[in-house]
Every structure is written in structure tokens, then in C-alpha cells.
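Novice: Once you've had a glance at the structure underneath, I'll fire off some questions.
Nothing in this text is a laboratory measurement; each read-out follows from the coordinates by a stated rule. Quantities reported herein were computed from a predicted structural model and do not represent experimental measurements. A quick note on method: Cβ atoms are made from the backbone with ideal geometry, for glycine too, and the neighbour counts reach across all protein chains shown.
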Amino acid sequence: MQKSILWAAAVGLSLSPAVAEPFSFSVGGYFNSVLYSVDADTGYDDVSKASAAKAFKDISFQEDAEIIFKAKGKTNNGLTVGMQIQLEGATESDQIDEHYIYVSGDFGKLELGAENSGAQKLQVFAPRFAGWKTYDNNFGTWSSVAKYEKPRHDNYSADANKLTYYSPKVSGLQFAYSVTPSSENKNGAGTDALLAELDGDKTHEDVQSFGLRYTGKLGGLKFKASVTSETGDYIKAGENEGEMEETAYGLSLSSGRLTFGGTHFVSDEAKAGGNDWEITHVGLAYRYSKDTTFGLAMHTQKDTQTDSNANMDTDITVVGGATKLGSGVKLTYTHERVESDGADAKDANFTGVGLLLKF
């Protein structure tokens, strides 16, 4: 079935007429830097990496940055074609992660390349209030205390090369479907995608992702809802060790200056020692003025896996906000409390002040 879908997409793209006019190019991105003061238990055993105990730094700068290159053009019959390449600006590895091309028109949109799955991109999450996404902490603060899991579909297909179809929006309803042959190269690959490793590397194969999202209004209330899932076979040393499955439900309600929303995420992994995660991440954002937003987010996860990391349950609370200082510039401020009952995990408090630049 997946091969038929891939062939159909290839044939459809080959029939696309030439671009009617030169591509337009643009460069954008963001740079988020936060100065954290850390108050944590002194000992931390990184059980996920089997390393020696570590001590937390009292003061630390954490960064998250990307430069995004885009190109876009129109074909003779009105189709839109384009590409996107995202360059990481604050990491030593995975310098280019998402990179893909697309074709869109009345039929919907086709994406080919290394990008998040349709399930992940149609998920509805908690609102942002501190400039960055509380459900997708890229600073590593929480994962330094406990085994933090994100309530989003980036575990199986990740940024591996895939084909994704997005339907047109009809009365607020949109559907997406992704096919990922293998996630061996989770950050996408060019020629490296041709050969498979057979020396025990772990990967997911035949990953299928589904997403359904509805956006609408009821009086003065705006709401979004989503149902998403991702399934795939877990492969180790060339052997299929079982099917992995994730399902998520998202809801967002907005009225006036208030927005409430969140995601309930469940995973069921058939492989030995697999995770059975149950995660709920909710948030409330209040737009105090046109320049300032305050908010609260709460993250609860339960882990019932049976290996040495069992019962690594974690609760995270985030309070804070952001204030616009000028065009594309925000001052951010948060206090993040992490509590974990894992045998080797420690509780911690992170108080951060930073700048977020978008360009």
C-alpha cells in the first residue's frame, strides 16, 4: 500500500508543468536565549545514559535558534511549488534538520522530504505565553531532572524523509496522512538514505501518521480540536520486535483575552521494555495587554515501563509570560518547577529571563 502511494505521488509530481515565473526566496527564523538560575538537588544520576552522577550548574545560558530558508513559485496552471530548509543555530550536531519540497493547489498539499509528520503538524496544543512552547521544551532543563517525554508525535517518524498529504480545509475540517518508510535517519538524509544499517541499530519502519483537526467558532468562542495517531514497527538488528502506537487528543478554547488548551497523549509500545506513556499537558494564557501575555502550564506524565527506569512519573509546572519590547523582540520570564519520583531523578526549580528574537 505504501509503495502504491509513493508511486502515485511521484507520477503526480512528474506531471506538474513548469514554473511560470522565477522563485521568490526569503530568509527568516528566531533566536531564543534564556539565562536560568537553578535551584536543584545536588545529585543527579543520568540513568538514561548510564553515566556518573552530575551536579547542576547554578547559572546557565540556554539557547534555541534556527535560520529558515524558503523558496516559492507558481506553475503555469496555478499550482504552488516551494521548499524549506531549516538550519539549526544553537547546536553542535543535526545542523540541518527539516528540509523538504512541496506542491499545493485545490487538491490540497503534498510534502516530500525531512519534516514533521502530518499527525504532529495538525496536533492542537496548550497556548504559548512565554514565547516558546511549554510542551516542546528545547532547553533541556526538564530532561536534565527526569526522563521528560513530549506529548507530540516526534518519537517514531521524527524528521525522517517522508511523504505527507494535507487535504483542503472544508468547513473547518482538515485531514493529513504521512508515510515514513524508515526513521533510521531521523533528521532526514540525502544519499545516506539508500543503505540500511544491519549491525544492531534501532529504527522504526513502515510508520503511518494520521491527523484530523477542526477549527470553528461558536458565538464569541473560538475552538480547535484534533485527533492524531502514529504507528510503526520497531526494528532492532533487522528483527521486528513489535508495533509501536501513539494517540493524542487536543483541544483549545479561546474567548476574549483568555485561551485554554492542551493535549492528552498515550503511547503503547509492544517491544520488550517498551514505554506505556500517559501524558497530559494543559495551559492557560491571559493577554494582559497588546504587548504582554501571562500564563500557566501543567505537565503530568506516567511511565509504566518495566525496566530500571520504571515509574519515572513526573509533574512540571510553568508560570510566566512575555512582553514585547519592539518589532520582533520579546522579553520572556518563567519559573519552572519539576518533580519526579524516579529512583535516580531529583526535583528542581528553574527561574529564567531571556530574549526572543523573530526575524
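Novice: How much net charge surrounds S26 when only other residues with a Cβ under 13 Å from its Cβ are counted (Lys, Arg +1; Asp, Glu -1)?
Specialist: +2
Novice: Net charge near L355: determine it from the other residues with C-beta under 13 Å of the C-beta of L355, scoring Lys and Arg +1 and Asp and Glu -1.
Specialist: So the environment of L355 carries a net charge of +1.
Novice: Also: Please give the FRET efficiency for K222 paired with D58, using the beta carbon to beta carbon distance and R0 = 51 Å, rounded to the nearest 0.05.
Specialist: Efficiency computed from Cβ-Cβ geometry: 0.75.
Novice: Determine, for each peptide in 121-132, 279-290, the mean count of other beta carbons within 10 angstrom over its residues, then list the peptides with the highest first.
Specialist: 121-132, 279-290
Novice: Using 0.36 nm times the number of residues separating T80 and L325, minus their current alpha carbon distance, what extension gain do you get?
Specialist: The span from T80 to L325 would gain 84.6 nm if fully extended.
Novice: Among the listed pairs K74/K224; K186/K236; K330/K358; K74/K109, which have their C-alpha atoms separated by more than 19 angstrom in this model?
Specialist: K74/K224
Novice: Contour minus end-to-end for K72 and L253, with contour as 0.36 nm per residue of separation and end-to-end as the Cα-Cα distance?
Specialist: 61.8 nm
Novice: Could you tally the net charge around L112, taking each other residue with its Cβ under 14 Å from the Cβ of L112, Lys/Arg +1 and Asp/Glu -1?
Specialist: My count for the surroundings of L112 gives -2.
Novice: Enumerate the amide H contacts of L325 below 5 Å, restricted to partners 5 or more residues apart or on another chain; note that Pro and chain-start residues carry no placed amide H.
Specialist: For L325, the qualifying residues are K330, L331.
Novice: Taking a 21 Å limit on the Cα-Cα distance, which of the listed pairs K72/K222; K121/K150; K57/K324 fall beyond it?
Specialist: From the list (K72/K222; K121/K150; K57/K324), the Cα-Cα distance tops 21 Å for K72/K222; K57/K324.
Novice: Here is a further query. Suppose R0 equals 35 Å; then what is the FRET efficiency for T280 and D106 from their Cβ-Cβ distance, rounded to the nearest 0.05?
Specialist: For T280 and D106, the calculated efficiency is 0.35.
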